[in-house]
1. Based on DSSP H runs of at least 4 residues, each adding -39500 (n - 2.57), what is the mean residue ellipticity at 222 nm of the chain after dividing by all its residues, to the nearest 500 deg cm²/dmol?
2. What are the equivalent ellipsoid semi-axes of the chain, built from the alpha-carbon gyration tensor (square roots of five times its eigenvalues), in whole angstrom, biggest first?
3. If you roll a 1.4 angstrom probe over the protein chains with everything in place, what fraction of the accessible area of the chain belongs to carbon and sulfur, to the nearest %?
4. Compute the signed sum of charges (Lys and Arg +1, Asp and Glu -1) over the other residues within less than 14 Å, Cβ to Cβ, of LEU578.
5. If we count every other residue with Cβ under 13 angstrom of ILE224's Cβ, Lys/Arg +1 and Asp/Glu -1, where does the sum land?
6. Place a +1 charge on the Cβ of each Lys and Arg in the chain and a -1 charge on the Cβ of each Asp and Glu, then give the dipole magnitude about the Cα centre in debye, rounded to the nearest 20.
7. Go through the cysteines of the chain and tell me which have no other cysteine Cβ under 4.7 Å away.
8. Quick check for you: with a 1.4 Å probe and neighbouring chains kept, what is the accessible area per residue of the chain, in Å²?
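The values are calculated or read from the model by the stated rules, or taken from the named source; none is laboratory data. Please read all numbers here as calculations on a predicted model, not as lab measurements. A quick note on method: Cβ atoms are made from the backbone with ideal geometry, for glycine too, and the neighbour counts reach across all protein chains shown. For the accessible areas, the whole protein counts, side chains as well, though only heavy atoms, and no ligand, DNA or RNA atoms are used. Shrake-Rupley method; radii C 1.70, N 1.55, O 1.52, S 1.80 Å.
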Amino acid sequence: MKDMHEPAPDLVRAAHIDSDGYAEMYARSVNDPEGFWGDEAKRLDWITQPTKIKNTTFAYPDVSIKWFEDGELNVAANCVDRHLETRGDQTAIIWEPDDVSDEAQHITYRELHTRVCKFANVLKELGVKKGDRVVIYLPMIPEAAYAMLACARIGAIHSIVFAGFSPDALANRVDDCEAKVVITSDGAPRGGRVTNLKDNVNQALVHSAEDPAVLIVKRTGQQIAFRSNGDYWLHEMEEKVGDDCPPETMNAEDPLFILYTSGSTGKPKGVVHSSGGYLLYAAITHQYTFDYHDGDVFWCTADVGWVTGHSYIVYGPLANGATTLMFEGVPTYPDAGRFWACCEKHKVNQFYTAPTAIRALMGKGTSFVEGYDLSSIRILGTVGEPINPEAWNWYNDVVGKGRCPIVDTWWQTETGGHLITPLPGATPTKPGSATTPFFGVRPVVLDPQTAVVQEETATEGVLAIADSWPGQMRTVWGDHERFVKTYFEQYKGYYFSGDGCRRDEDGYYWITGRVDDVINVSGHRMGTAEVESSLVAHPAVSEAAVVGYPHEVKGQGIYCYVTLMEGQEPSDALVKELQTHVRSDIGPIAKPDVIQWAPGLPKTRSGKIMRRILRKIAENDFGSLGDTSTLAEPEVVDHLIANRPQT
Ligand code: WTA
């Protein structure tokens, strides 16, 4: 078949599973989920074995999702303690610092155990109890993993806030989850630049309604401002506590973490993940999707501030007793060969990154890849956005030398782990397709208007899932109704992903991108409503509408239509000011790429902004504006087209 990539026979032989094995296991997973997941649950160490496996319904409005509900376990014990006997001296975490001249660290499972227990005792010393929330705002340092596992050990719920987020974004999250402690560091080095994270925390807490203690990891040793009280150095606190900390007994359904993510409306939602189902799902997907075998060195380049870092730097790999690499820096520092230098240095076996990074490196030329010995790499992975075939082929040819299967993994913060992905020894791949569902996952393609399930194999529509899987989010923190409304109201009986897709004649899925008002910038989710509310908070702005537009490296860029207040004059200086405003309001990833002055926005007679038209203009696609007859003032469209800035 045209452009079908088959895995090499020796890889298939050595793999956990081949195509027949996949077909058989998949069939059982969807025909007998109780039996399948009941067996798979044995991959975890339970304090109390679960007897009730699946208790889930997508029926609107009584959506309820419970897995292994009478089981008890501790996630940290599963990721650390149970490995001590067999692999205590094996490296659990390889830490590669930002600066190439600094030495990498190798943390064994035994050391990890001690560090996590001490960290957990420090949290207890600060008064943290089972069920309390702890916000983690750290750079990519091993302490981020210690902090996560320390929370899990004592039953506290962590919520990681990406260190690139602004003080305001941090404050909103601290307030929403009512955090008892915020864990941060003095400085955060990244790409040769250092951010003073403690300063950001200080600013955030001025605006926050909460009064959490702040625990500070010493990373850079730079000067930082202490608040008058409530600030503690981790290393000083650790001197006061012992390293014995028995793991708390947790119910499988107890929340493990909250992770805030952008939706199409309102403020970011606190996605809640469970202890049992989530961990099991992270572990099984890590094993099968990456064909992970004992002794492999696994590298996921994401930040732990995103779900990818949660599931595939920390929980999945550590549950499987893997060696997981954690990288503090960026792909282009000190030069565009950093990823490959690091793969060579640490003999990485599975390498997992985002299409935006691949495109950026592709743009720098092959010379940065050549010269490095990448023969240790067996599997390549991508995540975060659709990968264009050009980037796929470059990854395959230049990095993988045509011998490494590429797993294009489709999933979401909400799903906990991969839902649609090739398995290396089982699934022939096609550039740009996430291929076929993981075990237990029942994708359906719905007609967006009629909500009818498209039965024929080759079809197109919106992507939904017909039944629950263990890694599924359980609720929105503090707002279950929002959870039900966001994911289950529009298409009754299904989990609606928010993505559009095409299914080809081989049953392969091709994700076409978001169908809601979420955009995907460098693989990071951004709600257009968030950027809009930041813009209108600026005194010069009266109204704003934000859409995505195709961007060569970022996948999508942020395109803003801005209407100014009476008396305000458009200028280049104001463009810069608004860009800086949004950047400091939300964070650097939200900085608008394009600002177009819009004396008026296209609206329906009832006052609804017609985003479809704004998207088309941003895409430079004026030929297919569709029906504009319902517009209140059709001439505003002509004005916007005539004045569209060059991009
Ligand atoms: C997009 C990241 C195409 C998609 C794990 C999804 C993808 C959103 C892929 C979730 C992929 C993620 N192919 N699109 N392989 N992976 N997406 O929550 O639009 O940050 O809905 O989770 O990213 O982004 P999130």
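1. Computed ellipticity for the chain at 222 nm equals -8000 deg cm²/dmol.
2. On the way: eigenvalues 261, 193, 132 Å².
Semi-axes from the Cα gyration tensor: 36, 31, 26 Å.
3. Numbers: 11520 of 24320 Å².
After summing per-atom areas, the C and S share lands at 47 percent.
4. Values: positive: LYS576, ARG583, LYS591; negative: GLU532, GLU543, GLU569, ASP572, GLU577, ASP585, ASP593.
With Lys, Arg at +1 and Asp, Glu at -1, the neighbours total -4.
5. Numbers: positive: LYS198, LYS218, ARG219, ARG227; negative: ASP186, ASP199, ASP231.
Neighbour charge sum, excluding ILE224 itself: +1.
6. Numbers: 59 positive and 88 negative charges, 69 e Å.
Roughly 340 debye for the chain.
7. CYS79, CYS151, CYS177, CYS300, CYS342, CYS343, CYS404, CYS501, CYS560
8. Working: 24320 Å² over 647 residues.
Per-residue value: 38 Å².
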